[in-house]
2 protein chains.
Amino acid sequence: MPDGNDAKASPLRTKATAGARLGYTPLYLQVRQDLLDRIIAGTWQPGMALPSEQQLASQMGVSQGTLRKALDALASDGVIVRHQGRGTFVAEHDQRRTLFQFFKIVSDENGRIPPETVYCQVSMRPASETEREALELGKDADIWVILRHRALNGQVALVEDIVLPADRFPQLDTKVPLPNNIYELYERQFSVTVANARERLRAVRAEAPDAEILGCAEGAPLLQIERLAVALDGSAIELRRTRCRTDRFHYISELR
Amino acid sequence: MPDGNDAKASPLRTKATAGARLGYTPLYLQVRQDLLDRIIAGTWQPGMALPSEQQLASQMGVSQGTLRKALDALASDGVIVRHQGRGTFVAEHDQRRTLFQFFKIVSDENGRIPPETVYCQVSMRPASETEREALELGKDADIWVILRHRALNGQVALVEDIVLPADRFPQLDTKVPLPNNIYELYERQFSVTVANARERLRAVRAEAPDAEILGCAEGAPLLQIERLAVALDGSAIELRRTRCRTDRFHYISELR
DNA sequence: GAGTGGTCTAGACCACTGA
DNA sequence: CAGTGGTCTAGACCACTCA
């Protein structure tokens, strides 16, 4: 058993037994954060099984019910995945997750189809001011810029600029050609797990270079998607701008 | 106590005590459905308080923990709202909910601002085939069509076509002028509660009529949003097409 | 201070998986 | 059939709201 005594009778429990008004955090949220910290630190790698509820509960000195609430919270955030009868696993950026959670463009006829990368180029340059601000970078930070063209149903439909902080992705250029599933690359090669993202959508005119790549007229309407992706530890990790033809595709959004 | 013996020792409990392989539904989900049915039936109106957990649990013959899981599920679906120390309430389509859950267009400078209706027209006609299909209507069904122009920061920015099944909204035309918050109208006047919606986004060219309304050039890029809204009982209730300028506004989408 | 939802516990039993 | 997560219970106590 390699998972021995690393957090026994933990120093948590801010229980506020008396009138501690502010700053009260329920035990299950403290447990949640403790587990999340260990996942971020790499104690359990993506795809690996966590110890069983019983083991974790007794290790951390809490009841199984409390531990379960912590795991439920992590599961609803997509950090872990639970399978009845099998165990609890650190969530992975497999094909399925990338396609459903992080790819919102759908074919009008075929529904969800995985995009195929048809062109990819990597370069480095100093970050602009807006890039530094969005990615929370220091004054002289460098960034990687990835340019990709991607096809759906065999038709080039997307042009992407991806911006990454260079220091979090050392020697990215040696990984060329980059795999189709780039978040899997972040995860496996650089230990960076994308947890969630916010997107801003606009309709824009196709400028000449994009029009040529996408095979549409200059001035045609394109859907522009600006994404800021956030890592497990809450830091901004990727800035992405996608321009997309929407004559045979559309972007889906669920309001709940 | 007006909420007497209406569901005592309920006929639920499909507990599968023996090897009932398929068709097993956990008790808390049965309770959830039972409560949802009563909300749909209007036993508790939007904004009203439900009985306390203790009362509901003993009424329905389940433990407080099980009842709580059912309420938690309804709360995470946005059907009810819980307030520690105050009670549990049927969710309402107030200004706040409409603005945050069902309005995704944001000003580049000001952030979230409520849109202002500057033009509104209501008419009735037979449903087209695609409308019948989307709204699950019969052969000769009629629909209401609402045309609206809406302004953000004092600038006309949105053109909307809203399609509703006529039989669910009797005498809608007598409610003109429609209030700004139209989901509140559905709820209060027609007992129709919008629960969630799916949207399809595209970039399109501004045609002449929209260009004039929005004050932009013909052929300018517009963001087109097609929405299908679903009621509490799961039926499709509204089809909506919005066209929007995105030179000073954008659409936000959260990926989690 | 009474009443509400929120947390925490301890234990029993059930459904599912895989060797 | 052993081990895992999922459900269900009963009861204690805590934090919050409002009269």
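The values are calculated or read from the model by the stated rules, or taken from the named source; none is laboratory data. In this text the structure is predicted, and so the values were computed from the model without any measurement. Glycine gets a Cβ as well: all are built from the backbone with ideal geometry, and neighbour counts include every protein chain shown. Just the protein is used for accessible areas: all its heavy atoms, side chains included, with ligands, DNA and RNA removed. Shrake-Rupley method; radii C 1.70, N 1.55, O 1.52, S 1.80 Å.
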Subset of segment B:153-163 (residues that are open to solvent by less than 30 Å² (accessible area, probe 1.4 Å) and more than 22 Å from the chain's Cα centre (by Cα)): B:Ala157
Single residue of segment A:46-59 satisfying the filter (away from DNA strand D (no atom under 11 Å from the Cβ) and assigned to a loop (DSSP other than H, G, I, E, B)) that is surrounded by the most Cβ atoms within 10 Å (Cβ to Cβ): A:Pro46
Conditions first: (1) part of a helix (DSSP H, G or I); (2) open to solvent by less than 80 Å² (accessible area, probe 1.4 Å). A:Asp167 passes all but one, so which condition is the exception? (2)
Which residues, taken from segment B:242-256, are within 8 Å of another protein chain (Cβ to nearest Cβ), charged (D, E, K, R) and part of a strand (DSSP E or B)? B:Glu254
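Quickly run through segment A:71-95 and pick out the residues that are aliphatic (A, V, I, L, M) and assigned to a helix (DSSP H, G or I).
Let us first name the residues in segment A:71-95 that are aliphatic (A, V, I, L, M), namely A:71, A:73-75, A:79-81, A:90-91.
If the condition is that a residue be aliphatic (A, V, I, L, M) and assigned to a helix (DSSP H, G or I), then A:Leu71, A:Ala73, A:Leu74, A:Ala75 are the ones that fit.
Can you name every residue in segment B:93-116 that is more than 20 Å from the chain's Cα centre (by Cα) and either open to solvent by less than 30 Å² (accessible area, probe 1.4 Å) or closer than 21 Å to B:Leu74 by Cα (or both)? Don't jump to the end; show me each part of the working.
Here is the first cut: in segment B:93-116, the residues more than 20 Å from the chain's Cα centre (by Cα) are B:107-111.
Once the filter is applied, which keeps residues that are more than 20 Å from the chain's Cα centre (by Cα) and either open to solvent by less than 30 Å² (accessible area, probe 1.4 Å) or closer than 21 Å to B:Leu74 by Cα (or both), segment B:93-116 yields B:Ser107, B:Gly111.
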Only one of (1) assigned to a loop (DSSP other than H, G, I, E, B); (2) open to solvent by 30 Å² or more (accessible area, probe 1.4 Å) is not met by A:Arg68, so which one is it? (1)
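Give A:Gly219, A:Gly234, A:Gly215 a once-over and let me know the one that is within 29 Å of B:Ala206 (Cα to Cα), within 14 Å of chain B (Cβ to nearest Cβ) and surrounded by fewer than 19 Cβ atoms within 10 Å (Cβ to Cβ). Walk me through how you get there before you give the answer.
On the way: A:Gly234 fails: within 29 Å of B:Ala206 (Cα to Cα); A:Gly215 fails: within 14 Å of chain B (Cβ to nearest Cβ).
Testing whether each residue is within 29 Å of B:Ala206 (Cα to Cα), within 14 Å of chain B (Cβ to nearest Cβ) and surrounded by fewer than 19 Cβ atoms within 10 Å (Cβ to Cβ) leaves just A:Gly219.
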Verdict on B:Ile237 being touching a helix residue (DSSP H, G or I) at 6+ places or on another chain (Cβ under 8 Å) and over 15 Å from B:Gln101 (Cα atoms): yes
Of these, B:Val204, B:Val194, which one is in contact with a Pro (Cβ under 6 Å, 6 or more places away or on another chain) and crowded, with 16+ Cβ neighbours inside 10 Å? B:Val204
Among the residues of segment B:93-101, are any aromatic (Phe, Trp, Tyr), assigned by TED's automatic domain parsing to the domain that holds B:Leu172 and in contact with a strand residue (DSSP E or B) (Cβ under 9 Å, 6 or more places away or on another chain)? no
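Could you say which residue among A:Val81, A:Val62, A:Val90 is more than 16 Å from A:Gln33 (Cα to Cα) and surrounded by 14 or more Cβ atoms within 10 Å (Cβ to Cβ)? Reasoning before the result, please.
Details: A:Val62 fails: more than 16 Å from A:Gln33 (Cα to Cα); A:Val90 fails: more than 16 Å from A:Gln33 (Cα to Cα).
Exactly one of A:Val81, A:Val62, A:Val90 is more than 16 Å from A:Gln33 (Cα to Cα) and surrounded by 14 or more Cβ atoms within 10 Å (Cβ to Cβ), namely A:Val81.
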B:His149, sole failed condition from (1) within 14 Å of chain A (Cβ to nearest Cβ); (2) part of a strand (DSSP E or B); (3) of a type outside the set (D, E, K, R): (1)
Looking at A:Leu222, A:Leu239, A:Leu201, which is the one that is under 23 Å from A:Gly138 (Cβ atoms) and not in a loop (DSSP other than H, G, I, E, B)? A:Leu239
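Restricting the search to segment B:192-212, which residues are within 13 Å of chain A (Cβ to nearest Cβ) and over 25 Å from A:Phe103 (Cβ atoms)?
Restricting attention to segment B:192-212, the residues satisfying the condition of being within 13 Å of chain A (Cβ to nearest Cβ) are B:194-207, B:210-211.
Of everything in segment B:192-212, those that are within 13 Å of chain A (Cβ to nearest Cβ) and over 25 Å from A:Phe103 (Cβ atoms) turn out to be B:Val194, B:Ala195, B:Arg205, B:Ala206, B:Glu207, B:Asp210, B:Ala211.
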Which listed residue, of A:Ala49, A:Ala7, is modelled with pLDDT of 55 or more and not assigned by TED's automatic domain parsing to the domain that holds A:Thr193: A:Ala49
When both residues are 6+ apart or on different chains and their Cβ atoms are under 8 Å apart, which pairs have a first residue that lies in segment B:31-59 and is within 14 Å of chain A (Cβ to nearest Cβ), and a second that is assigned to a helix (DSSP H, G or I) and within 14 Å of DNA strand C (Cβ to nearest atom)? none
Quick check on segment A:60-76: of everything there that is within 14 Å of chain B (Cβ to nearest Cβ), more than 9 Å from DNA strand D (Cβ to nearest atom) and in contact (Cβ under 8 Å) with a residue 12 or more places away in the chain, which residue is nearest to A:Arg96 (Cα to Cα)? A:Leu74
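How many residues are touching a residue at least 12 places away in the same chain (Cβ under 8 Å), over 14 Å from B:Cys244 (Cβ atoms) and within 13 Å of another protein chain (Cβ to nearest Cβ) when one looks only at segment B:98-111?
At the first step, the residues of segment B:98-111 found to be touching a residue at least 12 places away in the same chain (Cβ under 8 Å) are B:98-110.
Next, only the ones that are over 14 Å from B:Cys244 (Cβ atoms) stay: B:98-102, B:109-110.
Cutting the leftovers down to within 13 Å of another protein chain (Cβ to nearest Cβ) gives us B:98-102.
Counting residues in segment B:98-111 that are touching a residue at least 12 places away in the same chain (Cβ under 8 Å), over 14 Å from B:Cys244 (Cβ atoms) and within 13 Å of another protein chain (Cβ to nearest Cβ) gives 5.
Determine, yes or no, whether A:Val192 is at pLDDT below 95 and hydrophobic (A, V, I, L, M, F, W, C). Break it down stepwise before answering.
Values: at pLDDT below 95: no; hydrophobic (A, V, I, L, M, F, W, C): yes.
Here the answer is no, as A:Val192 does not meet what is asked.
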